[in-house]
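Structure below; questions to follow.
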Amino acid sequence: MNTTLCENIDWVGYVDWNVRDFHSYDTEHGATYNAYLIRDEKIALIDAVKAPYGENLLRNVSALCDPAKVDYVVCNHAEPDHSGAMPDVLRAMPNAALVCDKKCAEALAEHYDAAHWKRRIVSTGDAVSLGKRSLQFVETPMVHWPESMFTYVPEEKLLFSMDAFGQHLATSERFDDETALCTVMEEAKAYYANIIMPFGKSVRACLERIAGLEVEMIAPSHGVIWRSHPAKILAAYRNWMEHRPRPKVLVIYDSMWESTGAMAEALRDGAAVAGVQAKLISIRRSNLTRIATDVLDAAAIAFGSATLNHGMMPMAAATLSYLEGLRPRGKAALAFGSYGWGRGGAEGVDKQLRAIGWDILREPIVSKYRPTPAILDECRQAGRTLAEKARVLAAGRAAAAQVCLDP
C-alpha cells in the first residue's frame with residue numbers, strides 16, 4: 001500500500017474494514033480514520049484516530065520516526081473518531097505540543113483529561129514553521145462541528161481538510177487515482193448528504209476562505225486522498241452546497257399490504273413516461289443513508305405511507321424525521337398513501353413534508369384499501385406533474401448557476 005503523499009509526508013491512519021454503523025450512517029463499505037505525519041526539521045502529526053486504533057497509528061508513526069521526537073500534534077476536529085486516541089498519542093509523544101483552535105481545545109477538555117497537555121492555540125492566518133515547510137491554519141466552523149479547522153502546507157499545495165471532502169470507504173489504496181472514481185464520488189456524495197448537507201452556508205464560507213489557496217492535493221480525514229481530481233470534488237461541493245437538482249423524481253414509500261406500493265409504482269411510471277430519471281425506493285428495502293444520498297440531487301419527490309394506528313408507518317416517520325434534520329432545500333413534493341378503517345398516514349406525510357419546507361404540489365393522494373383504476377390514473381398523472389416540475393427546477397437552478405459564473 002502506497003502511503004506517501006509527497007517526500008516525507010505520509011498517511012499513518014487506520015482502515016476500518018468492518019465498521020457498518022457510524023452513528024446511524026450505514027457504512028456498508030467500511031471507513032478510514034486518516035492521520036498524516038510530516039517529517040522536516042520539526043515533525044508534525046496531523047490528527048489522530050478513533051480510540052481503539054491508537055496503537056495502530058503509533059505503530060505506523062514508529063516505522064517512520066521516534067514518536068518522542070514529534071514536535072506538534074495538530075487536531076483539526078475534536079470528534080472522537082479523530083481525537084479518541086489523542087490521550088495515548090500525547091503520552092507516546094511527550095515533547096509534542098497540541099496545536100488546535102480555541103474551540104477545539106475547549107471541546108477536547110470536555111472529552112478527555114487534558115489539563116496537562118501542552119497546547120498551542122491557533123486561529124485563521126496563523127502559521128507554524130517546520131523548516132522547509134510550514135503549516136497554515138484556516139478555521140472552518142460548522143463544517144461540521146464548531147471547532148473544525150483546515151491545515152494547509154503551502155510549499156506542497158496540500159490541504160488537510162478534516163471531514164470536508166471525505167468518504168466512508170475502506171480500501172487498500174490511499175489515493176483517488178488508485179480507486180474507481182465513480183465509487184469515490186458516490187461515497188463522497190453520500191458523506192456530504194448525510195453529514196455536511198445541513199451546513200450549506202458554512203460550506204460556502206469555507207470554500208470562500210480557501211479560494212485563494214493553491215490546492216493540488218486534498219487529504220481528508222476519511223477515505224481516499226484527492227491527488228488527481230481535487231477540482232472535481234471542489235466542483236461537486238459547490239453544486240451540493242447550492243442544492244442544484246437534477247431532473248430526477250424519487251418515489252419513496254412504505255407499504256403494508258402493497259396498496260401504497262401499487263400507488264408508488266403508478267407514480268413512478270407516470271414520471272418515467274415524462275422522460276426524466278424516476279426511481280422507486282421502498283424504505284424498508286433501503287436505508288436512511290442511501291435515501292438521503294438520493295434526495296440530495298433530486299428535484300421532485302413523492303413520499304407515501306400506509307396508515308398504521310392513525311399515523312404513518314414507523315420507518316416512514318423515521319425517514320422524514322431524518323430528512324428534516326438534514327434540511328435538503330428546493331424540492332417539489334407530494335404525499336400519498338392508503339388507509340383502511342382509519343385515515344392518517346398520507347396526511348401525516350403531508351404535514352411532515354410541509355415542515356421540511358418543500359414546495360407541496362397538491363393535497364395528498366389517498367386510497368381506501370386497494371387503489372381503484374381511477375386512483376392509479378391519478379397517481380400516473382401526478383407522476384407526470386412531478387416530472388415536469390423536476391425539469392423546470394433543474395433548468396432554473398442550472399441557469400442561475402450560469403449567471404453566477406458569467407462575468
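Given the conditions (1) at pLDDT 95 or above; (2) outside the structural domain of Leu323 (by TED's automatic domain parsing), which single one is not true for Leu376?
(2)
On to the next question. Over 16 Å from the mean Cα position of the chain (by Cα) and not charged (D, E, K, R): is that true of Leu169 in this structure?
no
Counting only residues that are touching a residue at least 60 places away in the same chain (Cβ under 8 Å) and of a type in the set (Gly, Ala, Ser), how many does region 319-344 have?
Qualifying residue count for the region: 5.
What pairs can you find where one residue is in region 63-84 and farther than 19 Å from Thr151 by Cα, the other is surrounded by fewer than 24 Cβ atoms within 10 Å (Cβ to Cβ) and of a type in the set (Val, Ile, Thr), and their Cβ atoms are less than 6 Å apart, with a gap of 6+ or different chains?
If the second residue must be surrounded by fewer than 24 Cβ atoms within 10 Å (Cβ to Cβ) and of a type in the set (Val, Ile, Thr), the pairs left are Pro67/Val61.
Here's something else I'd like to know. Among the residues that make up region 211-228, is at least one of them modelled with pLDDT under 95 and under 30 Å from Cys75 (Cβ atoms)?
yes
I need the full set of residues from region 183-199 which are over 9 Å from the mean Cα position of the chain (by Cα) and not aliphatic (A, V, I, L, M), in order please.
Scanning region 183-199 gives Thr183, Glu186, Pro198, Phe199.
If we keep just the residues of region 237-258 that are farther than 28 Å from Gly337 by Cα and touching a helix residue (DSSP H, G or I) at 6+ places or on another chain (Cβ under 7 Å), which is surrounded by the fewest Cβ atoms within 10 Å (Cβ to Cβ)?
Arg238
Sticking with this structure for a sec: Among Lys232, Lys248, which is under 30 Å from Pro373 (Cα atoms) and either under 21 Å from the mean Cα position of the chain (by Cα) or free of Cβ contacts under 8 Å to residues at least 12 places away in the same chain (or both)?
Lys248
Of all residues in region 230-248, count the ones that are in contact with a Gly (Cβ under 9 Å, 6 or more places away or on another chain) and assigned to a strand (DSSP E or B).
Final tally of qualifying residues: 1.
Can you tell me which residues in region 161-197 are of a type in the set (Asp, Glu), assigned to a helix (DSSP H, G or I) and farther than 20 Å from Phe22 by Cβ?
Listed by number, the residues that qualify are Asp176, Asp177, Glu178.
Of the residues that make up region 6-17, is at least one over 22 Å from Ala193 (Cα atoms), charged (D, E, K, R) and surrounded by fewer than 18 Cβ atoms within 10 Å (Cβ to Cβ)?
Yes, region 6-17 contains at least one residue that is over 22 Å from Ala193 (Cα atoms), charged (D, E, K, R) and surrounded by fewer than 18 Cβ atoms within 10 Å (Cβ to Cβ).
So how many residues does region 18-40 have that are in a loop (DSSP other than H, G, I, E, B) and either surrounded by fewer than 15 Cβ atoms within 10 Å (Cβ to Cβ) or not aliphatic (A, V, I, L, M) (or both)?
Final tally of qualifying residues: 10.
I would also like to ask the following. Of the conditions (1) touching a Ser or Thr at 6+ places or on another chain (Cβ under 6 Å); (2) part of a helix (DSSP H, G or I), Ile218 clears all except one; give me its number.
(2)
With the requirement that a residue be of a type in the set (A, V, I, L, M, F, W, C) and surrounded by 24 or more Cβ atoms within 10 Å (Cβ to Cβ), what does region 302-322 give you?
Listed by number, the residues that qualify are Ala302, Phe303, Ala306, Met312, Met313, Ala316.
For region 220-236, what are the residues that are out of contact with any His (no Cβ under 8 Å at 6 or more places or on another chain) and over 18 Å from Cys6 (Cα atoms)?
Matches in region 220-236: Ala231, Lys232, Ile233, Leu234, Ala235, Ala236.
Now, a different point. Surrounded by fewer than 21 Cβ atoms within 10 Å (Cβ to Cβ), farther than 17 Å from Ile9 by Cβ and polar (S, T, N, Q): is that true of Ser123 in this structure?
When the stated conditions are applied, Ser123 passes them.
Counting only residues that are of a type outside the set (A, V, I, L, M) and more than 30 Å from Arg20 (Cα to Cα), which one in region 259-293 is surrounded by the most Cβ atoms within 10 Å (Cβ to Cβ)?
Here the answer is Thr260.
If you take the residues of region 1-18 that are without any contact (Cβ under 8 Å) to a residue 60 or more places away in the chain and either of a type in the set (A, V, I, L, M) or in contact with a Leu (Cβ under 8 Å, 6 or more places away or on another chain) (or both), which of them is nearest to Ile291 (Cα to Cα)?
Top of the filtered list is Tyr14.
Could you check His77 against (1) closer than 19 Å to Asp113 by Cβ; (2) in contact with a Ser or Thr (Cβ under 6 Å, 6 or more places away or on another chain) and say which number it fails?
In the conditions (1) closer than 19 Å to Asp113 by Cβ; (2) in contact with a Ser or Thr (Cβ under 6 Å, 6 or more places away or on another chain), His77 misses (1) alone.
On the given criteria, is Ser202 of a type in the set (S, T, N, Q), surrounded by fewer than 16 Cβ atoms within 10 Å (Cβ to Cβ) and out of contact with any Phe, Trp or Tyr (no Cβ under 9 Å at 6 or more places or on another chain)?
no
Residues that are of a type in the set (Asp, Glu), at least 1 per element: which strands (runs of 3 or more DSSP E) completely within region 41-147 meet that?
The qualifying strands (runs of 3 or more DSSP E) are 134-139.
The values are calculated or read from the model by the stated rules, or taken from the named source; none is laboratory data. The model shown is predicted, which means the values in this text are computed figures rather than measured ones. All Cβ positions, even for glycine, are placed from backbone atoms using ideal geometry, and neighbour counts span all protein chains on display.
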